[in-house]
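Written below as structure tokens is the structure these notes are about.
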Amino acid sequence: MGETGFYPYVEDPSKNQQQGEEAKQRETDMRNSILSQVLDQSARARLNNLALVKPEKANAVESYLIQMARYGSLGGKISDSGLIEILEKVSQQTEKKTTVKFNRRKVMDSDEDDDDY
């Protein structure tokens with residue numbers, strides 16, 4: 001009873017947060033390492049510029065490149081023109097089609113109801 005405020009079974013939330021941040025940092029470092037091995041400097045610069053404008057698209061391309069590297073489907077470093085081709089493919093796959101749909105509602109003063117009288 002002499003120890004007040006000490007609960008050995010309660011985890012320190014700041015410790016979990018720190019571990020989560022460290023895990024994110026390790027994952028980011030690993031992604032950057034793989035991408036630097038797969039892309040040449042101009043392609044890497046283009047991907048970094050894309051990440052500033054469209055981070056979700058850049059993340060999708062990075063994941064695609066990392067997956068290709070893991071399966072060994074890349075034959076050497078990807079140049080800037082090769083990255084442009086990959087970006088075009090990803091754009092075509094994720095292209096959003098805009099459709100407009102008109103919901104026309106019947107109005108009380110329509111001529112169809114005149115026959116009832």
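Just so it is clear, none of the values below were taken in a lab; they were calculated from the coordinates. Everything numeric here is computed off the predicted structure, so don't read it as measured data. Note that each Cβ is placed from the backbone with ideal geometry, even for glycine, and that neighbours are counted across all protein chains shown.
Summary of computed values
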read-out	value
Amide H contacts under 5 Å for LEU39, placed H, 5+ residues apart	ILE78
Length gained when the stretch ASN103-GLN19 is fully extended (0.36 nm per residue, less Cα-Cα span)	25.1 nm
Cα centre as origin, Lys/Arg/Asp/Glu Cβ charges: the stretch 13-106 dipole, Debye	900 debye
Computed FRET value (nearest 0.05) for LEU74 with ALA51, which takes r as the C-beta separation and R₀ as 25 Å	0.80
The stretch 13-106: proportion of alpha-carbon pairs further apart than 16 angstrom, %	64 percent
Residues of type lysines that LYS96 reaches as a straight line, Cα spacing below 17 Å, ignoring anything fewer than 8 places off in the same chain	LYS54, LYS57
Partners for LYS106 among lysines (Cα-Cα distance below 30 Å; same-chain residues under 8 apart left out)	LYS97
